[in-house]
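Written below as structure tokens is the structure these notes are about.
The values are calculated or read from the model by the stated rules, or taken from the named source; none is laboratory data. Computed from a prediction, not measured in an experiment: that's the story for all the values here. No Cβ is skipped: glycine too gets one built from the backbone with ideal geometry, and neighbour counts run over all protein chains shown. Calculation scope for accessible area: heavy atoms of the full protein, side chains included, ligands and nucleic acids excluded. Shrake-Rupley method; radii C 1.70, N 1.55, O 1.52, S 1.80 Å.
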Amino acid sequence: MIVVTRRIRLFALIGLAMLASLSHPHRGEAASTDYDDCIALQYDRVRTEAEIAATIATCTRVLQDPSASAERRAYGLYFRALNHFLEATRLSLAEMKPIGSAGDAAQRELKSALDDLAACIAVAPAPHPQPFSLRATIHTVLEQFDDALDDLAHAIRADPKISHHFAQRALILERLDRFPEARADLDAAVELDPGNQNAWISRAMLWARYGDVERAFADYGRAEALGGPQTWHALSGRARLAVSRGDPSRGFADWTRAAELTVLPTLAAQFHVRAGNLARDYLKDRDKALQSYARALAVAPYHADALIQRGLAFERAGRFDDASNDYRKAGEMTRGNPLEKGIYDYSVFRLEVLRARASRKAGDPPLPPNINVLSGSAQAAGKDRGRRIALVVGNAAYEHVTALMNADRDAESVGAALSEAGFARVTVATDLDRNQMDGVLRQFADEAAGADWALVYYAGHGIEIDGANFAIPIDASMETLRKASSHAISIDRMVSAVERAKTLRLVVLDACRDDPFVQEAHRAAASKRTFDKAGDAALDPLIARRKAIGGGLAGVRLAQLNTIALFSTQPGQITLDGDELNSPFTRAFVSNMATPTLDLRLFFERIRQDVANTTQGRQRPAVDGRLREGEQFFFFPAR
């Protein structure tokens, strides 16, 4: 699923559909077969290796013709460059690596593409925007943003009336957190071409990132009304926003329709799974949920997440044998696959929960439904690593602010991975209110005094107020923002909970997914204002100030050696909840944890690289604190 998502995003960025409107030289001369084949617009789908090679060969023959005009040479170079880039992309996807770090063959294709584009620009009779735009795309996927912006400036100067180039530049500006410039470019894009569906979608995504759900919702609606090839993308984005607006029925309908419109089976399955989750968790319609999971498995029989989610529906219905069967199948599908380790760990966790609850005897005290304790693998624990314990908290089902899709499952996947790594005791707690969070932290602080390693992992909403960071319990409301010290849990409490451990103290925070209070304020104010720049006056002044800040957590200062805080993104930035079973950060965390003899320092760097690659540079984890020189720490020793 990760590879499919990257492919979609990459081709959306390239804007291959735009080639259909490319101004074409005259065709039709009897001796122009190679030229016609070279410039043929056959880019409405993913091209095969053979098709790419054939186009490169025909374009090369055109360029070898000494009688070819400058115009023909320019077009031949452009389309050969395009296909070299598509081949580099194909190779990187086959290697499951970012294009910039793919193998030598992919790098040769990229160099050939850039060389051809430079020659195309030099030989063209007049400046043309297309080679600059394509070269900007290559620079973007290589994260050479200054070069990409320079090329797009040339493209816009060559033809300032092409909407796509403004939209393309806005994507880069948004990645660089240059929000006003990105918004200005997207405004220009939709004004130049109101039929540019991708521009409306990009502007909706920009509004959503900065907390303005209502404007985002409206732009997704405009994109849907156009009925273009990216309608599934608009519907999927709007579905997510519908949930945050308290309208899960709309979200269910949009995700179901998105699944029907996309041509990619794995993506269709993913959308059916999301619809099923809404039916199960929000609409409380078990039959509708099971129908959605069945549709997902019909189009993608090996979709492990669909099995996991259906297993949860069976488990909640008391159909424990059916749930166990689905969890086992999901585990068998994903065992040994580092890209799907989060799903594997989650299947292990659910099976362990079912076994533990089945083994309880009459008269045993009842267990809280949202707190489970796992014991580590004796083989993985080892005698030389001491006693290691962890508290893993995932808050998703918020009562008064925007719910999260993944935080509870993130916690359970991490808990299972830590148990597999040999942690002696792993407490996994989901959907905790203020009092419950306070209680589990108090208990864990006492347990940490007898431990060598102590780790607290928190997934959920988090906010920063005047330099202090807070985790948000599920019973938070707008009042939490005004009285955070008594309504939320300070991140300092989590640091204090691990500080008595003897050897290593870790706090991991996947806790700045958005600012829930900004979104709630926008939703409350939506009926009082119009979509203009003065509309924000309807917001609570405190919320308006938070909107200006943008969101995210602040860094922390840790004086004690071997005390580390790992943040899922940089200070002041927003992290992503993700479109799959786990967030991008959690996927990177659990997949790298299992690497034998991976020192903690390199572990942090691997997570940073993986998350940056998965999110196209929008999210980069950060580390505060220092490890003592000469000491090494491993989740798993050599096997």
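Please specify each residue of the range 421-463 satisfying the condition of being more than 17 Å from LEU506 (Cα to Cα) and out of contact with any Asp or Glu (no Cβ under 7 Å at 6 or more places or on another chain). Working first, answer last.
Of the residues in the range 421-463, the ones more than 17 Å from LEU506 (Cα to Cα) are 429-439, 460-463.
Matches in the range 421-463: ALA429, LEU432, ASN435, GLN436, MET437, ASP438, GLY439, GLY460, HIS461, GLY462.
Being surrounded by fewer than 17 Cβ atoms within 10 Å (Cβ to Cβ) and more than 23 Å from ARG620 (Cα to Cα) is the filter here; which residues of the range 179-197 pass it? If you could, list the steps in order and put the result at the bottom.
First, pick out the residues of the range 179-197 that are surrounded by fewer than 17 Cβ atoms within 10 Å (Cβ to Cβ): 179-181, 184, 187, 191, 194-195.
Answer for the range 179-197, where residues must be surrounded by fewer than 17 Cβ atoms within 10 Å (Cβ to Cβ) and more than 23 Å from ARG620 (Cα to Cα): ALA184, ASP187, GLU191, PRO194, GLY195.
Matching residues to (1) aliphatic (A, V, I, L, M); (2) more than 19 Å from GLU143 (Cα to Cα); (3) touching a Phe, Trp or Tyr at 6+ places or on another chain (Cβ under 8 Å):
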{"position": "ALA50", "(1), (2), (3)": "yes, yes, no"}
{"position": "THR55", "(1), (2), (3)": "no, yes, yes"}
{"position": "GLN64", "(1), (2), (3)": "no, yes, no"}
{"position": "SER92", "(1), (2), (3)": "no, no, no"}
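What's the total number of residues in the range 258-292 that are crowded, with 21+ Cβ neighbours inside 10 Å, over 17 Å from ARG238 (Cα atoms) and over 22 Å from the mean Cα position of the chain (by Cα)?
Taking the range 258-292 as the starting set, the residues that turn out to be crowded, with 21+ Cβ neighbours inside 10 Å are 258-259, 262, 267-280, 289, 292.
Retained after the next criterion (residues that are over 17 Å from ARG238 (Cα atoms)): 269, 280, 289, 292.
Keeping just the survivors that are over 22 Å from the mean Cα position of the chain (by Cα) gives 280, 289, 292.
Here the count works out to 3.
The single condition among (1) in contact (Cβ under 8 Å) with a residue 40 or more places away in the chain; (2) open to solvent by less than 10 Å² (accessible area, probe 1.4 Å) that PRO98 does not satisfy is (2).
When the range 161-178 is limited to residues that are in contact (Cβ under 8 Å) with a residue 60 or more places away in the chain, in a helix (DSSP H, G or I) and out of contact with any Leu (no Cβ under 7 Å at 6 or more places or on another chain), the one that is surrounded by the most Cβ atoms within 10 Å (Cβ to Cβ) turns out to be HIS164.
How many of the residues making up the range 264-282 are outside any helix (DSSP H, G or I) and either within 10 Å of VAL299 (Cβ to Cβ) or modelled with pLDDT of 90 or more (or both)?
First pass over the range 264-282, keeping only residues outside any helix (DSSP H, G or I): 264, 282.
Remaining after also requiring either within 10 Å of VAL299 (Cβ to Cβ) or modelled with pLDDT of 90 or more (or both): 264.
Of the residues in that region, 1 qualify.
Just one of the listed residues (ALA148, ALA124, ALA153) is without any contact (Cβ under 8 Å) to a residue 40 or more places away in the chain and more than 24 Å from ALA612 (Cβ to Cβ), and it is ALA153. Residues that are hydrophobic (A, V, I, L, M, F, W, C), closer than 17 Å to LEU404 by Cα and part of a helix (DSSP H, G or I): does the range 182-204 have at least one? Checked against the condition, which is being hydrophobic (A, V, I, L, M, F, W, C), closer than 17 Å to LEU404 by Cα and part of a helix (DSSP H, G or I), the range 182-204 yields no hits at all.
Out of the residues in the range 207-227 that are among the hydrophobic types (A, V, I, L, M, F, W, C) and touching a residue at least 40 places away in the same chain (Cβ under 8 Å), which is farthest from ARG175 (Cα to Cα)?
If we filter the range 207-227 for residues that are among the hydrophobic types (A, V, I, L, M, F, W, C), which is where we start, we get 207-208, 213, 216-218, 223, 225-226.
Among the residues that remain, those that are also touching a residue at least 40 places away in the same chain (Cβ under 8 Å) are: 213, 218.
On the way: VAL213: 19, ALA218: 22 Å.
So the residue we want is ALA218.
Listed residues GLY228, GLY246, GLY211, GLY221; which is within 28 Å of PRO160 (Cα to Cα) and not in a helix (DSSP H, G or I)?
On the way: GLY246 fails: within 28 Å of PRO160 (Cα to Cα); GLY211 fails: within 28 Å of PRO160 (Cα to Cα); GLY221 fails: not in a helix (DSSP H, G or I).
Every option except GLY228 fails the conditions.
Here is the figure for the range 178-233: residues that are touching a Ser or Thr at 6+ places or on another chain (Cβ under 7 Å) and more than 30 Å from THR266 (Cβ to Cβ) total 2.
Kindly establish whether THR569 is at pLDDT 60 or above, in a helix (DSSP H, G or I) and touching a Ser or Thr at 6+ places or on another chain (Cβ under 7 Å). Outline the logic, then answer.
Numbers: at pLDDT 60 or above: yes; in a helix (DSSP H, G or I): no; touching a Ser or Thr at 6+ places or on another chain (Cβ under 7 Å): yes.
The answer is no for THR569.
Here ASP514 meets the list (1) in contact with a helix residue (DSSP H, G or I) (Cβ under 7 Å, 6 or more places away or on another chain); (2) outside any helix (DSSP H, G or I); (3) at pLDDT below 90 almost entirely, failing just condition (1). For the range 43-94, a tally of residues being surrounded by fewer than 24 Cβ atoms within 10 Å (Cβ to Cβ), among the small types (Gly, Ala, Ser) and touching a helix residue (DSSP H, G or I) at 6+ places or on another chain (Cβ under 8 Å) returns 5.
Looking at the range 403-448, which of its residues are open to solvent by less than 10 Å² (accessible area, probe 1.4 Å), of a type outside the set (Val, Ile, Thr) and within 26 Å of the chain's Cα centre (by Cα)? Scanning the range 403-448 gives ASN406, ALA407, ASP410, ALA411, SER413, GLY415, ALA416, ALA417, LEU418, ALA421, ALA429, LEU432. Could you tell me whether any residue of the range 313-334 is under 16 Å from ASN582 (Cα atoms), among the β-branched types (Val, Ile, Thr) and touching a residue at least 40 places away in the same chain (Cβ under 8 Å)? For the range 313-334, residues under 16 Å from ASN582 (Cα atoms), among the β-branched types (Val, Ile, Thr) and touching a residue at least 40 places away in the same chain (Cβ under 8 Å): absent.
Within the range 82-95, the set of residues being free of Cβ contacts under 8 Å to residues at least 24 places away in the same chain and either out of contact with any Gly (no Cβ under 8 Å at 6 or more places or on another chain) or part of a loop (DSSP other than H, G, I, E, B) (or both) comprises SER92, ALA94. In the set ALA381, ALA330, ALA300, ALA294, only one residue is more than 29 Å from LYS97 (Cβ to Cβ), at pLDDT 80 or above and among the small types (Gly, Ala, Ser); that residue is ALA294.
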